[in-house]
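Chemist: Quick one: this structure, given as structure tokens, is what I'll be asking you about.
The values are calculated or read from the model by the stated rules, or taken from the named source; none is laboratory data. Being a predicted model, the structure only gives us computed values, none of them experimental. Because the Cβ atoms are built from the backbone with ideal geometry, glycine has one as well, and the counts that use them run over all protein chains shown. Ligands, DNA and RNA are stripped out before the accessible areas are found, and what is left, the full protein with its side chains, is counted by its heavy atoms. Shrake-Rupley method; radii C 1.70, N 1.55, O 1.52, S 1.80 Å.
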Amino acid sequence: MTDTTAAVAAKAPAKKGGGVGLNIAIGVSAVLVAAGLVLWAMQLSGGMVQTAMRNLDSWGLYITGFMFFVGLSAGGLIISSVPKAFGLSGFGGISKVAVMTSIAATVAAIGLVVVDMGQPFRVWELFVYSNLGSPLMWDIIVLMVYLILSCVYLWAQVQAEKGKVGHTALRVISVVALVTAVLVHSVTAWIFGLQQGREMWHTALLAPWFVSSALVCGTGLVMCAAAALRAAGYLKWDQANLVKLAKLLAVFLLVDLYFFGCDLLTAGFPAGEGLAVVQMLVSGPLAPFFWGEVVLSAAAIVICVVPALRTTPLMVVAGLCAIAAIFCKRAQLLVGGFQIPNIDLAAAMTPFTVTNWEGNMAQAYAGMVYWPTPLEFGVALGVTALGFLVFFLGLKLLPLKPADQE
Amino acid sequence: MADKKLVMLVDTKRCIACNSCAVACKIENNLPKNIWWNRIMTVGGGNLDSPEGEYPNLKMHNVTVACQHCENPACVKVCPVGATYKDPETGVVRQDYDKCIGCRMCMSACPYTGVRSFNWEEPKYSLAHAVGDADAPEHQKHVVEKCTFCYQRISKGETPACMDLCPARARHWGDLDDPNSDVSRAIAGRSYEHLLDEKGTKPGVYYLV
């Protein structure tokens, strides 16, 4: 979400409200959303056979993106609410912008679930026939609450600046928002982690790990967004706050890698079924994503902990590296769940069986079992653009600048 | 708890891997192109119907795999709208095509690789007219489907189509809680296995070995 923000915003003249650059950004996002809608209509009318998803790898880029955007939504809300909830000094006047990134990312996450559904016009059934025992149902409820709460929280901050919402009330909302943020990541993890059928997903560590990953990419996102908005002259922001975020990012990254290490050790050490997961990541089909995550995380940590490297451009690079690292993690988790079939016996293969169905089972799993089709990339890009659109419209229409800079 | 414990026994000693059960299933339920609810898998060899081992020590072994109709089904727990559910009377795990929202949560949850099938496009058929049982539910685009133990047949007191046509008489079906049933007699004195017992799903398909 940030790279385009940076690119577009950098060109924008430093005017109140964002000026021409912001309007162009809104226009471009809207066009991409429209293109995405057309592609989605094609997917629905021509059938999901146009995606690369198949019976043995039944989720793909959309659910990867869903996980990713739920994670991205964390940073803004948590960075904004933790200082308020605990009465600490914050990160300067970016609290409202940060929450706006959360709202935009949550909208994109919900959008990606919708485009993944085979029967989106039956979405109302979720509220009529709710099976409250399903982790997916928990997630839908918590995501809705999270989106509404983020909006309420943003509204409350605006009102508080006008003196219409008291300090205590804002603090209470902060605490509730913080709890919901932790819940939303845990519940998203449980969609995967509670499934005993998938070796890679079935680990108790998944929920805390999702929280730490969310903190990583969310902090990265806020760093990039705030730095870009400052460069565009949208707001003034003390460099010390960016450095503070960079240090936090390093801590979050280390925690995230620590969790990853713990999980891999626990999976691999007994040299049982879990060893296949470790091998798949370290030297198997998912190695590019695994090593990508490790290298990008390490690069970001180095930038964030070496004082001489903490220049604005490099800290933005660190933020982008952190976001990319977490995307790698989401991709390996999603595909990794399907990459190890429980029953890999030879059987008749049809075009519906698995993405690479034309050989035998061993051939289907030789490389990555799933890789998206152009249609999937297009639809996912459209939903991503929807997130951008929401963010840009927020910048244009809502009073997101710090109160003292209006 | 279901009133009955309807289970299927597959006698792997008798199975000749003729694929008749897969075809019977396909016809009975008018399965669209590319969809097989019941598949005959080859154990050992890398390809279909290939032997296991090195010449001259070769052996052939097969296993038929469809929905296991678990007593503790992973799919039923995770379906957000209850479109896949355990029939209270028979314990059969059923699918409601009209309810399914196509989220494919059940496909991720089910440990039995490939027994659940999604209609990735508008169902297509080899014949212009429907075949099999007129009472079998009509297939729909973008919903999940799978073996139902031929619910349309068992609700009429018949047996699932796959075992009816089995030339080797390798399949048995009935109420395991009834000591006089076909399955209770067939399982007596035999040892059996479940697929992926360690997943704790308590499958309703027993493989006699």
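Chemist: Using label points projected 7 Å from each Cα along Cα→Cβ, tell me how many nm separate A:Leu397 and A:Thr311, to one decimal.
Modeler: 4.0
Chemist: Now, a different point. Run the numbers on segment B:6-208 and let me know its relative contact order in percent, using alpha-carbon pairs under 8 Å that are six or more apart.
Modeler: Relative contact order of segment B:6-208: 32 percent.
Chemist: Run the simple label-point estimate for A:Val179 and A:Trp291 please: 7 Å along Cα→C-beta, distance reported in nm.
Modeler: Result for the modelled spin labels: 4.6 nm.
Chemist: Taking the Cα-to-Cβ direction at A:Val38 and at A:Tyr258 and moving 7 Å from each Cα, how far apart do the two end points lie in nm?
Modeler: About 5.0 nm, to one decimal.
Chemist: Here is a follow-up. How high is the FRET efficiency from A:Lys236 to A:Ala298, r the C-beta distance, R0 35 Å, rounded to 0.05?
Modeler: E(calc), rounded to 0.05, equals 0.60.
Chemist: While we're looking at this one, here's another question. Take the alpha-carbon centre of segment A:163-223, take the same for segment B:70-141, and report the distance between them in whole Å.
Modeler: 32
Chemist: Chymotrypsin sites (Phe, Trp or Tyr not before Pro) within segment A:56-135: which are DSSP loop residues with at most 16 other Cβ atoms inside 10 Å?
Modeler: For chymotrypsin sites (Phe, Trp or Tyr not before Pro) across segment A:56-135 that sit outside H, G, I, E and B with at most 16 neighbouring Cβ atoms in 10 Å, the list reads A:Trp124.
Chemist: OK, next. Could you pull out every residue, at least 5 positions away or on a different chain, whose amide H is within less than 5 Å of the one on A:Gln119? Hs are placed 1.01 Å off N in the peptide plane, and Pro or chain starts have none.
Modeler: Counting only residues 5 or more places away or on other chains, the set is B:Gly102.
Chemist: Counting other Cβ atoms within 10 Å, keep those with at most 14, restrict to DSSP loop, and tell me which GluC sites (Glu not before Pro) in segment B:68-149 are left.
Modeler: B:Glu89, B:Glu138
Chemist: Express the relative contact order of chain A as a whole percentage, based on alpha carbon pairs under 8 Å and six or more residues apart in sequence.
Modeler: It rounds to 30 percent for chain A.
Chemist: Name the helices (complete DSSP H segments) of chain A with a Cα length along the long axis of 18 Å or more and a Kyte-Doolittle mean of at least -1.0, or state none.
Modeler: Answer set is A:19-46, A:61-86, A:95-116, A:135-161, A:167-193, A:206-231, A:239-268, A:287-305, A:312-339, A:374-397.
Chemist: Beyond 20 Å between alpha-carbons counts as too far, so tell me which of B:Lys33/B:Lys77; B:Lys77/B:Lys199; B:Lys141/B:Lys199; B:Lys4/B:Lys99; A:Lys84/A:Lys164 fall in that bin.
Modeler: Long pairs (Cα-Cα over 20 Å): B:Lys33/B:Lys77; B:Lys141/B:Lys199; B:Lys4/B:Lys99.
Chemist: Right, another one. Counting helices only, and only those DSSP H runs with n ≥ 4, report the 222 nm mean residue ellipticity of chain A as the sum of -39,500 (n - 2.57) divided by its residues, in deg cm²/dmol to the nearest 500.
Modeler: -24000 deg cm²/dmol
Chemist: Here's another thing I want to ask about it. What FRET efficiency comes out for B:Glu198 versus A:Lys164 if R0 is 60 angstrom and r is the Cβ-Cβ distance? Round to the nearest 0.05.
Modeler: Computed FRET efficiency for B:Glu198 and A:Lys164 comes out at 0.50.
Chemist: Suppose accessible area is computed on protein heavy atoms with a 1.4 Å probe; arrange B:Glu158, B:Glu122, A:Glu293 from highest to lowest.
Modeler: B:Glu122, B:Glu158, A:Glu293
Chemist: If you don't mind, there's one more thing I want to ask. Averaged across the residues of B:3-10, what count of C-beta atoms belonging to other chains lies within 10 Å of each residue's C-beta?
Modeler: Mean partner shielding for this stretch: 0.
Chemist: How big is segment A:2-405 in terms of Cα radius of gyration and Dmax, in angstroms?
Modeler: That works out to 21.3, 69 Å for Rg and Dmax.
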